[in-house]
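What follows draws every value from the coordinates through simple rules; no lab data is involved. The structure presented is a predicted model; accordingly, all values stated were derived computationally and were not measured. All Cβ positions, even for glycine, are placed from backbone atoms using ideal geometry, and neighbour counts span all protein chains on display.
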Amino acid sequence: MAEPDRTPGVGPWAREYSLLLRRSGLDRELVLNETLQPSGGARSGLFSLAQCLEQPSLLLSQVGIESSDNAGPRAVRAFVSVLQQDLALSVVAPLTLRLFRDGHAPLPDPKRIFLAPADEQTQTASRWFQVPGGEQVDEETFVRSAGALTAEWYPAFRRQLGVSPGAYWSSIGLGLGAPFSAVWNRAEPQALCLLAQGWLKQFQNDANQFIDWIPAVFGGQTTAIPQRKGCCLKYLLPEGGYCGTCGVHRKERLAALTPQRRTTAPGQWQPGR
C-alpha cells in the first residue's frame, strides 16, 4: 500500500491526488512539472480581464477587428466562447496545476490577466495570460476564492458576450480539473473520476454541473475523460474542429456506456483543446 503524501503545505485534495498517482506508479511533482508549460517570457496585453468585465464591448470590438468582415452573430459568439475557454485553459488551469504541485498558487486575478494580440497562426489559442506575482494562497483559500471569482465573471460572459451556461461552466470545469486531465490515461480510471468530480464540487459554482468525469475505453484501454455538457463552439470557426470533450458528441458517448462495461466509441481524446 502506498504511504500517504506528507509534503509540507500540500492540501488534502492534492494529497489524495498524490496517493492516487503513486498507486498508479506516478509521481505528482514530476507529472505536474511535465504538464506546466514555460511562461515564454514577457507578453504584451491589449486589455485586462478586469477591464473586459467592466466593459464587455472591449472584447466584442476586438473580435470584430480580428474576425472576417462577413462574420455573422453566430461566428462572433463562437469566437468569444472559444476565447472564454482559453481563459480557463491558459490561466485557471496552470494556477490549479501549481496549487496541486506546490501547495499554494496565486488566484486568477482579473487585474493581472490580459488578452494578448492574435499571432499569425491562430486568433484564439493561448491568448489570455496572467502576469507573475500576486499573493500565494493555500488550497482552502484557492477553492473558496476561485469559485467565487469565476462566478463573478459569469454575468458579463453570459449576458453581454453571449456565452452559454454550458460552454462557460464546462470550460471553467476543465481549467479547475487540469491536474486530473494530466493523467487521464495513466491513473486508475474509476478512482480518478471520483476524485476529480469530488474536487469540482468543492468550488460551489456550476462547474461541477456541466462536467461529468466518466471511465471510457479507447482501443481496449480504460481511461478517464471529462465529458462536457456544453460546447465551446470551436467547430464553427474556420480554424476550428471538435475538442475531445465536445458536448456535440455527448449523447453519442453516453449512449455507448453500459452498466457492465463503461465504454465510448473508439477515438483519441486529448485534454483541453
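Applying a 10 Å radius around every beta-carbon, put 99-106, 206-213, 29-36 in order of their mean neighbour count, most first.
Working: 99-106: 21.1, 206-213: 22.6, 29-36: 15.8.
Output ranking for 99-106, 206-213, 29-36: 206-213, 99-106, 29-36.
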*Local charge sum around V91 (other residues, Cβ-Cβ under 13 Å, Lys/Arg +1, Asp/Glu -1)?*
+3
_For a quick check: with amide H placed at 1.01 Å from N, whose amide H comes under 5 Å from A105's, ignoring anything fewer than 5 positions away on the same chain?_
V137
_Nonlocal amide H pairs with F47, under 5 Å, H built at 1.01 Å_ = L115
*For A216, list long-range residues whose amide hydrogen, built 1.01 Å from N in the peptide plane, is under 5 Å from its own amide hydrogen.*
T223, A224, I225
*³J(HN,Hα) across region 97-110 via Karplus (A = 6.51, B = -1.76, C = 1.60, θ = phi - 60°), whole Hz, x for Gly/Pro?*
4, 5, 4, 5, 7, 9, x, 7, 6, x, 7, x, 9, x
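Taking K and R as +1 and D and E as -1, what net charge do the other residues with C-beta under 10 Å from the C-beta of G103 add up to? Walk me through the intermediate numbers first.
Values: positive: R15, R98, R101; negative: D102, D138, E139.
Cβ neighbours under 10 Å give a net charge of 0.
So for each of 145-158, 164-177 I average, over its residues, the number of other beta carbons within 10 Å; can you give me the resulting order with the highest mean first? Display every interim value, and only then the final one.
On the way: 145-158: 17.9, 164-177: 25.9.
Going by the mean number of other Cβ atoms within 10 Å, highest first, we get 164-177, 145-158.
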